[in-house]
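Quick notes on the structure that follows.
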Amino acid sequence: MSLSVFGVNHNTAPVSIREKVAVNSEKLNHSLKNLLEQDGIEEAVVLSTCNRTEVYCSFINDKHNDVAMGWMHQYFELEQKDLKPYQFVLHEADAVRHLFRVACGLDSLVLGEPQILGQLKEAYRSACEAGSVGKMLNKLLQHSFSVAKRVRTDTAIGSSPVSVAFAAVRLAQQVFGDLGDKTALMIGAGDTIELASQHFHDNQLGRMIVANRSIDRAQILASRFNGYAIPLKELPDHLADADIIISSTASQLPILGKGAVERALKQRKRKPIFMVDIAVPRDIEPEISKLNDVYLYTVDDLQSVIEENQRSRQTAALQADEIILTETRHFMDWMQSLDAVSTIQALRENIFNSQNELVSKAKQRLSKGEDPEQVIDALARALTQKFTHTPSVKLREATLDRQDELIRTVRELFDL
C-alpha cells in the first residue's frame, strides 16, 4: 500500500482555479465516495479551504499518478489542459511531510496560522463518517495532529496573531488609519470571520454589522463584539453603512454584485469602501474592483501584508521543519514495519499450508500400515526439501549475479 496527496493550493494555483475545484460541505461526502470508486484508491480524505483543495489517499496499486492527475478534472468537469498546469502530486515520504507541514501551518498563506489544523481535523472527521478512512490514513492524520501540537509547544511559530484575518484588518488600518469611526460589515459567521471580528474589536472598531444566512449564528457572533446582526437577505439595505466589508461564506455564487455596490456608493456620496473577499468561490464579483472609490482585495492580494508579518516566524519555521523531518521518518518506519508484518504473515501461511499438506500425506501412509519410522523420515526429508528448494535456487542465482547483499542478508537472517 502506498500514500499520495494531490490537488491544488495557493502555491500552485490562483484563486480563479481554486474556486472551481472547491468542495463545500454539501458535496464532501459525495466526493469521498467517488474517490473510493477510483481504481486503486483504498482510503481518502479531502481537505478543501479557501487556499487549497487536496486529496490525501492510500493506494493498493501503482496507478496513483494516473488517478491523481485525472480525478479532479473529471469530477469537476474541467478540461485537463486547463487544470493540469496547476496540479501537484506527491508520494510516500513527500506526501507525509507535506501533510505535517499543512497541519503545522507551514504551508499556509500566513506562516504558522492555526486555523488550518481545525480545518484538517474537520476534514478527517467527515472522512471517518463517510467510511473513507482506514488503518493507514487514520494513523497518518492522528500523527499529523500530534506533530502540530509538538511544533506549537516546542517552537514560537504561533507566538503572534498572524492570519489572513489579521492581515485584512492591518490593511484596513493602512487604508483608513484610525478605525474608531468606521463601520465594518462582516459577511458570514465562520472561523475566519470570527477571527477578523476579534481583531477589529481589539483595534477599537467603531461599529460592526454581522450578516449571515442563519440569523441566530449572526446574533451569537455580533453579541460578542457589541455588533448588530442581520439576515443575508437584508444585505443590500446596509451596504451604504459599511466602510469595510469582509466576506467569507460557503456560497457557490457571488453574494455582492456590481449593481448593489454602485447604489451603495451613490448613497455614501462616493465615500470609499474597503473590501476583502476571503471566500473560495468568491463572494464578491471581481468587476467591482473597477469601480471608483472601491478597494477590493482577495486572499491572493493580501500576500504583501502577510509577508511582512511572516518574517518573525522564519526561525521558528526552520525549527518546525526539523521536527517534521524527524516525525516523517518515524511514520515511514511504521509504514515499512507494515510491509514486514505482511511478509511474515505470508511466510507463515506458506509454511503452514505446506506443512499441513505433507503431514496429511504422512497420516494417510500411516493409516495404510506403513512403517512409522520410514514415514517420519520421509516427512522430515519432504519438509526440508520443501522449505529449502526455492531459497537454494535464489541463492545460486544471487551468486551468479554477484548479489552479495542478498547473500549477507540470508546469512544474518538464518544466523549462518
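No lab work stands behind these numbers, since they all come straight from the coordinates. Keep in mind that this is a model prediction, so the values were computed, not measured. Note: ideal-geometry Cβ built from the backbone for every residue, glycine included; neighbour counts use all protein chains shown.
Taking mean projected area of the Cα convex hull in nm² as calculated from this structure, the corresponding entry among (1) 28.9; (2) 18.1; (3) 25.5 is (1).
Out of all Cα-Cα pairs in region 1-73, roughly what percent, to the nearest whole number, are more than 13 Å apart? Mind dumping the intermediate values first?
Details: 1652 of 2628 pairs.
Here the tail beyond 13 Å accounts for 63 percent of pairs.
Length gained on full extension, LYS266 to ASP404: 41.3 nm, using 0.36 nm per residue less the C-alpha separation.
Would you mind checking the tilt of helix 135-154 against the longest principal axis of the Cα atoms of the chain, expressed as 0 to 90 degrees and rounded to 10? Helix 135-154 and the main axis of the chain meet at about 50 degrees.
Per-residue ellipticity at 222 nm for the chain, helices alone: DSSP H runs ≥ 4 residues times -39500 (n - 2.57), over residue total, nearest 500 deg cm²/dmol? Could you put the intermediate results ahead of the total?
Values: 16 runs with 230 residues, N = 416.
The helix contribution divided over the chain gives -18000 deg cm²/dmol.
Between region 12-78 and region 389-405, the alpha-carbon centres lie 44 Å apart.
Among DSSP beta bridges lying fully in the chain, give the percent that are antiparallel, nearest 5. Don't skip to the end; give the middle numbers.
Values: 20 of 43 bridges.
Rounded to the nearest five, the antiparallel share is 45 percent.
Computed 3J(HN,Hα) for region 401-407, one whole-Hz value per residue from the Karplus formula 6.51 cos²θ - 1.76 cosθ + 1.60 where θ = phi - 60°, is 8, 6, 8, 4, 5, 5, 5, glycine and proline marked x. Mind telling me which of LEU99, LEU318, LEU395 comes out most flexible in a GNM of the chain, alpha-carbon contacts under 10 Å? Among LEU99, LEU318, LEU395, the largest mean-square fluctuation in the Gaussian network model of the chain belongs to LEU395.
Between ASP333 and ASP82, what's the calculated FRET efficiency when r is the beta-carbon distance and R0 is 45 Å? Round to 0.05. Display every interim value, and only then the final one.
Working: r = 40 Å, r/R0 = 0.89.
In this case the efficiency is close to 0.65.
To the nearest 20 debye, what is the magnitude of the charge dipole of region 2-160 about its Cα centre, counting +1 on the Cβ of each Lys and Arg and -1 on the Cβ of each Asp and Glu? If you can, show how the numbers build up before the last one.
On the way: 17 positive and 19 negative charges, 104 e Å.
Dipole magnitude for region 2-160 comes out near 500 debye.
Distances between placed amide hydrogens fall under 5 Å for THR249 paired with ALA279, all partners being 5 or more residues away or on another chain. Taking 0.36 nm per residue of separation and subtracting the Cα-Cα distance, full extension of the segment from GLU349 to ASN34 would add 109.9 nm. Considering only THR49, THR153, THR183, the Gaussian network model of the chain with Cα springs below 10 Å gives its largest mean-square fluctuation to THR153.
Can you tell me which aspartates and glutamates have their Cα less than 16 Å from the Cα of LYS258? Leave out same-chain residues fewer than eight positions away. Hits, sequence-local ones excluded: ASP237, ASP277, ASP283, GLU285, GLU287, ASP293. Could you work out how far helix 258-267 tilts from the main Cα principal axis of the chain, as a 0 to 90 degree angle to the nearest 10? Between the helix axis and the principal axis of the chain, the angle is about 30 degrees.
Distance check, please: which entries in LYS27/LYS290; LYS233/LYS269; LYS182/LYS290; LYS233/LYS266 exceed 28 angstrom between their Cα atoms?
LYS27/LYS290
For a paramagnetic label modelled at 7 Å from the Cα of THR384 toward its Cβ, which residues of region 347-373 fall within the zone defined by backbone nitrogen distances under 18 Å? The answer is 355, 358-359, 362, 373, whose backbone nitrogens lie closer than 18 Å to the label point. Amide H to amide H, with H built 1.01 Å from N, TYR228 comes under 5 Å of MET208, ILE209, VAL210, counting only residues 5 or more places away or on other chains.
Dipole size in debye (nearest 20) for region 164-303 around its Cα centre, Lys and Arg Cβ +1, Asp and Glu Cβ -1? It would help to have the intermediate numbers written out before the result.
Numbers: 16 positive and 18 negative charges, 78 e Å.
Value, rounded to 20: 380 debye.
Compared with the dominant principal axis of the Cα atoms in the chain, helix 64-75 is inclined by about 40°.
Of the trypsin sites (Lys or Arg not before Pro) found in region 344-416, those in coil by DSSP whose Cβ has at most 12 other Cβ atoms within 10 Å are LYS368, ARG402.
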